[in-house]
């Protein structure tokens, strides 16, 4: 609901007061920021944001509204939405509703009117931190909100268990089948495979290697998803067995899972990479791609087994962006080659994977 009170309270007690919109709710989540100029609908519906409060750095959000085409899942997964200015009367031919209506109907609170630049500076200095977002008519109990925020242990919660569908689903009618291990997959991963003539079967993230092989796939993709990859040991064990038998591709969390399967370890980034403008350098060719990303953890390149090689690095901070097995048709990338939002520099990686089937 537009015009109510809005507060963002960080776990260290810092308080930001603004105007509430969306649902009148109180939610707790890890506060993260995205520097993308567009793509707020895709971000809000990306399951990788489960358990997080998303803040956009671009000063105006909502100007082109919400349409019926750009959602990456069937609901909003972010726990809250923070913007400098929310446009409540969008103007676009495809717009079906405003950002306020979208959040309100899905029970997600938003706060506008905050100095998002100041908050980003704080996060870049201190690192991502738990926060409590409040939108409502009454003046909230600020110390109570700060206490709620401080109690959140984001890395200790298995959010993949929340977003991964329990039942298998089928997409496309191609002759070759790919099993997508759905850890919170964006819909465009499925679209990119289907448009290349692939039949896609999505399965729960805890599906065993034996059960995946019983589906007789030609290849396997491990998807993006939320949370700490160190909690995905069961999936990593399954992928360790699968990679010995089938072409395998990992995306985002899937990349980290394959890194663990390769004997590696992961670590939490100070404030993560969340945007549509992250530069990634391919080490073999020296080419730099501009990518869309959404992750808060990275693979320790020095920890992976001798049968694996680091193929790409983030041009900003040098973190690992790509892995490949030296002999088997198995590779992974930390970014999102399916884009949504763009850019589409790395869509060719799906072509490479399909050729290996």
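The values are calculated or read from the model by the stated rules, or taken from the named source; none is laboratory data. Values in this document were obtained by computation on a predicted structure and should not be read as measured data. Here the Cβ is made from the backbone with ideal geometry for all residues, glycine too, and neighbour counts use every protein chain on show.
Quick one: would you say residue 135 is in contact with a strand residue (DSSP E or B) (Cβ under 8 Å, 6 or more places away or on another chain) and surrounded by fewer than 20 Cβ atoms within 10 Å (Cβ to Cβ)? Walk me through how you get there before you give the answer.
Details: in contact with a strand residue (DSSP E or B) (Cβ under 8 Å, 6 or more places away or on another chain): yes; surrounded by fewer than 20 Cβ atoms within 10 Å (Cβ to Cβ): no.
When the stated conditions are applied, residue 135 does not pass them.
Each row is one residue, and each column tells you yes or no for (1) closer than 20 Å to residue 343 by Cα; (2) without any contact (Cβ under 8 Å) to a residue 12 or more places away in the chain; (3) out of contact with any strand residue (DSSP E or B) (no Cβ under 9 Å at 6 or more places or on another chain); (4) surrounded by fewer than 21 Cβ atoms within 10 Å (Cβ to Cβ).
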site	(1), (2), (3), (4)
16	no, no, no, yes
43	yes, no, no, no
53	no, no, no, no
61	yes, no, no, no
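Within 24 Å of residue 242 (Cα to Cα), surrounded by 23 or more Cβ atoms within 10 Å (Cβ to Cβ) and in contact with a helix residue (DSSP H, G or I) (Cβ under 8 Å, 6 or more places away or on another chain): is that true of residue 332 in this structure?
Here the answer is yes, as residue 332 does meet what is asked.
Would you mention how many residues in segment 173-187 are within 21 Å of the chain's Cα centre (by Cα) and either surrounded by 20 or more Cβ atoms within 10 Å (Cβ to Cβ) or without any contact (Cβ under 8 Å) to a residue 24 or more places away in the chain (or both)?
Step one: filter segment 173-187 for residues within 21 Å of the chain's Cα centre (by Cα), giving 179-187.
Of the ones still in play, those that are also either surrounded by 20 or more Cβ atoms within 10 Å (Cβ to Cβ) or without any contact (Cβ under 8 Å) to a residue 24 or more places away in the chain (or both) are 179-186.
Of the residues in segment 173-187, 8 are within 21 Å of the chain's Cα centre (by Cα) and either surrounded by 20 or more Cβ atoms within 10 Å (Cβ to Cβ) or without any contact (Cβ under 8 Å) to a residue 24 or more places away in the chain (or both).
Of all residues being assigned to a helix (DSSP H, G or I) and without any contact (Cβ under 8 Å) to a residue 24 or more places away in the chain in segment 144-155, which is surrounded by the most Cβ atoms within 10 Å (Cβ to Cβ)? Just the residue, please. Lay out the reasoning, then the answer.
Of segment 144-155, the ones assigned to a helix (DSSP H, G or I) are 144-150, 154-155.
When the remaining residues are screened for being without any contact (Cβ under 8 Å) to a residue 24 or more places away in the chain, the result is 144, 147.
Numbers: 144: 12, 147: 14.
Only one residue fits best here, namely 147.
Determine, yes or no, whether residue 169 is out of contact with any helix residue (DSSP H, G or I) (no Cβ under 8 Å at 6 or more places or on another chain), loosely packed, with under 15 Cβ neighbours inside 10 Å, more than 30 Å from residue 18 (Cβ to Cβ) and free of Cβ contacts under 8 Å to residues at least 40 places away in the same chain.
Numbers: out of contact with any helix residue (DSSP H, G or I) (no Cβ under 8 Å at 6 or more places or on another chain): yes; loosely packed, with under 15 Cβ neighbours inside 10 Å: yes; more than 30 Å from residue 18 (Cβ to Cβ): yes; free of Cβ contacts under 8 Å to residues at least 40 places away in the same chain: yes.
The answer is yes for residue 169.
Has segment 151-173 got any residue that is in contact with a strand residue (DSSP E or B) (Cβ under 6 Å, 6 or more places away or on another chain) and under 30 Å from residue 14 (Cα atoms)?
yes
Has segment 127-136 got at least one residue that is within 14 Å of residue 8 (Cβ to Cβ) and assigned to a loop (DSSP other than H, G, I, E, B)?
Of segment 127-136, the ones within 14 Å of residue 8 (Cβ to Cβ) are 128-136.
Filter once more, keeping what is assigned to a loop (DSSP other than H, G, I, E, B): 128.
Yes, there is a match, as at least one residue in segment 127-136 is within 14 Å of residue 8 (Cβ to Cβ) and assigned to a loop (DSSP other than H, G, I, E, B).
Filter the strands (runs of 3 or more DSSP E) completely within segment 237-323 down to those with at least 1 residues that are modelled with pLDDT of 95 or more and within 14 Å of the chain's Cα centre (by Cα).
Working: elements: 248-251, 266-282, 288-299, 308-314.
Those strands (runs of 3 or more DSSP E) span 248-251, 266-282, 288-299.
Yes/no matrix, rows are residues, columns are (1) farther than 25 Å from residue 296 by Cα; (2) buried (at least 23 other Cβ atoms within 10 Å of the Cβ):
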| residue | (1), (2) |
| --- | --- |
| 2 | yes, no |
| 13 | no, no |
| 49 | no, yes |
| 66 | yes, yes |
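Do we find that residue 266 is crowded, with 20+ Cβ neighbours inside 10 Å and in contact with a strand residue (DSSP E or B) (Cβ under 7 Å, 6 or more places away or on another chain) in this structure? Spell out the reasoning first.
Working: crowded, with 20+ Cβ neighbours inside 10 Å: yes; in contact with a strand residue (DSSP E or B) (Cβ under 7 Å, 6 or more places away or on another chain): yes.
Yes, satisfied.
May I ask you to list the residues in segment 174-196 that are more than 18 Å from residue 252 (Cβ to Cβ) and in contact with a strand residue (DSSP E or B) (Cβ under 7 Å, 6 or more places away or on another chain)?
Taking segment 174-196 as the starting set, the residues that turn out to be more than 18 Å from residue 252 (Cβ to Cβ) are 174-177, 194-196.
Matches in segment 174-196: 174, 176, 177, 194.
Inspect segment 47-57 for any residue being in contact with a helix residue (DSSP H, G or I) (Cβ under 8 Å, 6 or more places away or on another chain) and farther than 22 Å from residue 188 by Cα and give the result as yes or no. Outline the logic, then answer.
Going through segment 47-57, the residues in contact with a helix residue (DSSP H, G or I) (Cβ under 8 Å, 6 or more places away or on another chain) turn out to be 47-52, 54-57.
Now restrict to residues that are farther than 22 Å from residue 188 by Cα: 55, 57.
Taking every residue of segment 47-57 in turn, at least one turns out to be in contact with a helix residue (DSSP H, G or I) (Cβ under 8 Å, 6 or more places away or on another chain) and farther than 22 Å from residue 188 by Cα.
Anything in segment 297-324 that is surrounded by fewer than 16 Cβ atoms within 10 Å (Cβ to Cβ), within 26 Å of residue 156 (Cβ to Cβ) and in contact with a strand residue (DSSP E or B) (Cβ under 7 Å, 6 or more places away or on another chain)? List them, or say none.
300
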